[in-house]
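We did not get these values from a lab; they are worked out from the coordinates using the rules stated. All values reported here derive from a predicted model rather than from experimental measurement. Neighbour counts run over all protein chains shown; Cβ positions are idealised from the backbone, glycine included.
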Amino acid sequence: MIVRCPWGDSTPDYIDYHDTEWGVELHGTEALYERMSLEAFQSGLSWITILRKRPAFRTAFCDFDPKLVAEFGPADVERLMADAGIVRNRMKIDAAVHNARVIVSEGVDLDELLWSFAPTGHVRPATIADVPAITAESRAMAKELKRRGFKFLGPTTCYALMQATGMVDDHIATCFRASVQR
């Protein structure tokens, strides 16, 4: 029997995400912009909702190419608001478009920026109860993103982004992924 983090052992969607993506180092502007956007869309919702809608999100947001999304105008926002395949929250849609514009207009290297907040000496949690929701690094990331003009990326969302992209490895000690080389 494979032992996983408790959250990653409930549905086939979670099992696949837990086993193949969560906590794996992720690099590249499009990939990081996608995760940044999806984590923001997840705020207040279940991650399973976002996972199940991810194919529609990718279609709706041009595979999360910031150069293309930065060109979205009011008609595109209305198209997205009418798309039942994604989360239809105007503030989150506006933030995703706005954040793409920040990336493009400021020439932001998301790899360099986001990974600069990856902590050194992160200790693997023993149990799920030991996994934090916010850290000093996620607070610092959120503060810098806000300073640069990014929206909808607070410290909790930033920590979830850090977990999802392998900046921190929060697979609990008994999880089979804890022994996988990264």
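What is the gain in length, in nm to one decimal, between residue 112 and residue 126 on full extension, counting 0.36 nm per residue of separation less the C-alpha to C-alpha distance?
Here the answer is 2.1 nm.
Going by average Cβ density within 10 Å per residue, which order do the peptides 96-106, 34-44, 125-135 take, highest to lowest?
34-44, 96-106, 125-135
Between 12, 119, 155, find the one with the highest GNM mean-square fluctuation for the chain; connect C-alpha pairs within less than 10 Å.
Largest GNM mean-square fluctuation: 12.
Among 74, 128, 117, which residue has its Cα positioned farthest towards the positive end of the charge dipole of the chain, with +1 placed on the Cβ of Lys and Arg, -1 on the Cβ of Asp and Glu, and the dipole taken about the Cα centre?
Toward the positive end, the furthest listed residue is 74.
In deg cm²/dmol, rounded to 500, what helix-only [θ] at 222 nm does the chain give when every DSSP H run of at least 4 residues adds -39500 (n - 2.57) and the total is split over its residues?
Roughly -15500 deg cm²/dmol at 222 nm, from the helical runs in the chain.
Consider all pairwise Cα distances in region 110-168 and report the whole-number % of them above 18 Å.
Of all Cα-Cα distances in region 110-168, 28 percent exceed 18 Å.
For the chain, take the longest principal axis of its alpha carbons; what is the angle in degrees between that and the long axis of helix 47-60, to the nearest 10 within 0 to 90?
That helix lies at roughly 40 degrees to the long axis.
Can you tally the net charge around residue 42? Count Lys and Arg as +1, Asp and Glu as -1, for every other residue whose Cβ sits under 13 Å from the Cβ of residue 42.
Values: positive: 35, 52, 53, 54, 92; negative: 34, 39.
Taking every other residue near residue 42 into account, the sum is +3.
Expressed in nm to one decimal, what extension gain is obtained for the pair residue 147 and residue 3 from 0.36 nm per residue of sequence separation less their Cα-Cα distance?
47.8 nm
Once every Cα of region 1-80 carries one equal point scatterer and solvent is ignored, give the base-10 log of I(q)/I(0) from the Debye formula at q = 0.20 Å⁻¹, two decimals.
-0.98
Does anything in region 62-100 have its amide N under 12 Å from the 7 Å Cα→Cβ label point of residue 30, and if so which residues?
Only 62-69 fall inside the zone, counting backbone N under 12 Å.
Note down the Stokes-Einstein diffusion coefficient of region 37-132 in µm²/s, whole number, using a Kirkwood radius over alpha carbon pairs, 25 °C, and 0.890 mPa s.
Reported coefficient: 163 µm²/s.
Any number yet on Rg/Rh for region 6-179, C-alpha, Kirkwood?
Here the Rg-to-Rh quotient is 0.96.
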